[in-house]
Amino acid sequence: MLKRIVYLSALLIAMLHGQSPDRPGLPAGASALEVPPGNEFKLKYHFLAVGKQIYQCENGQWASSSTPDATLYDMDSNLKVRHSAGPSWTTVDGRSTMKAIGATAIHFPAPDKVSIDWLKLDVDKSSRTGEFSDVAVVQRLYTGGGKAPATGCAAHETYAAPYTAHYYFWTSI
C-alpha cells in the first residue's frame, strides 16, 4: 500500500510539469467540466491531493460512491487542506471550510479508464467560511487510482483505494 502511494505521489508530481497555472487542459468531450471562459471566474487555488477513496460493501459488491480522505498540498509541498465526506474541505488550521453540492456534480470518466472520475462541483454558498468564502466551483482533475476493486466483498467490509488528483478552486467574480 505504501509503495502504491509513493508511486501515485511521484506520478502526481510528474503530471505537474506542463500544467498551466490557469485553466487546466481537458480532453475532447470534457467541456462540461470547464469553468466558463472570460473574467467571470478566477483561479484561487491549485492543490495536489494524495489520499484514499473509502468504499463500503453493499450486498456483496463495492458501493458505487465513496468517501474521500485526502490531504491537499500547495505547489511548494505545504499541507494546506483536508478533504473529507460531504464532499468538504477544511484548511489545516480549521479556520476555513466549504462543502460541495454533491447532487449537482458533473462527472467525466478518467481518460486512463482505471482511475476515479474527474469532477466539477458547485460549492454550497452557505457552507463557505474564511479563505473559502468566495470559492464557487471545485474541479477534481488528472486523477490517479481511487477505484474500488472489481471483485466482490463481504458484509461490513471497507476498502481504501489510494488516489491522487489535482484540485482547482475557482472564485466567482
### Message
Can you tell me which of (1) under 16 Å from the mean Cα position of the chain (by Cα); (2) part of a loop (DSSP other than H, G, I, E, B) is the one Pro27 doesn't meet?
### Response
(1)
### Summary
All-but-one check, Ala110 against (1) surrounded by fewer than 19 Cβ atoms within 10 Å (Cβ to Cβ); (2) in a loop (DSSP other than H, G, I, E, B), failing number (1)
#### Entry: Count - residues of the stretch 35-70 that are outside any strand (DSSP E or B), without any contact (Cβ under 8 Å) to a residue 60 or more places away in the chain and either closer than 25 Å to Asp112 by Cβ or touching a strand residue (DSSP E or B) at 6+ places or on another chain (Cβ under 8 Å) (or both)
2
### Query
Any idea which residue in the stretch 95-107 is farthest from Lys147 (Cα to Cα), counting only those that are in a strand (DSSP E or B) and not hydrophobic (A, V, I, L, M, F, W, C)?
Thr97
### Task
Run down Ala110, Ala100 and say which single residue is closer than 23 Å to Ile173 by Cα and either at pLDDT below 95 or within 13 Å of the chain's Cα centre (by Cα) (or both).
Ala100
### Query
If you take the residues in the stretch 131-154 that are in contact (Cβ under 8 Å) with a residue 12 or more places away in the chain, assigned to a loop (DSSP other than H, G, I, E, B) and of a type in the set (A, V, I, L, M, F, W, C), which one is nearest to Pro24 (Cα to Cα)?
Ala148
### Query
Residue check, Tyr163 against (1) in a loop (DSSP other than H, G, I, E, B); (2) buried (at least 20 other Cβ atoms within 10 Å of the Cβ), all met but one. Which one?
(1)
### Query
Only one of (1) crowded, with 17+ Cβ neighbours inside 10 Å; (2) at positive phi; (3) over 15 Å from the mean Cα position of the chain (by Cα); (4) not charged (D, E, K, R) fails for Gly145. Which number is that?
(3)
### Task
For residues that are surrounded by fewer than 16 Cβ atoms within 10 Å (Cβ to Cβ), among the hydroxyl-bearing types (Ser, Thr, Tyr) and within 18 Å of Asp124 (Cα to Cα), tally how many sit in the stretch 43-83.
0
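The values are calculated or read from the model by the stated rules, or taken from the named source; none is laboratory data. Predicted model only: the values in this text are computed from it and were never measured. Counting neighbours? That spans all protein chains shown, and the Cβs are built from the backbone with ideal geometry, glycine included.
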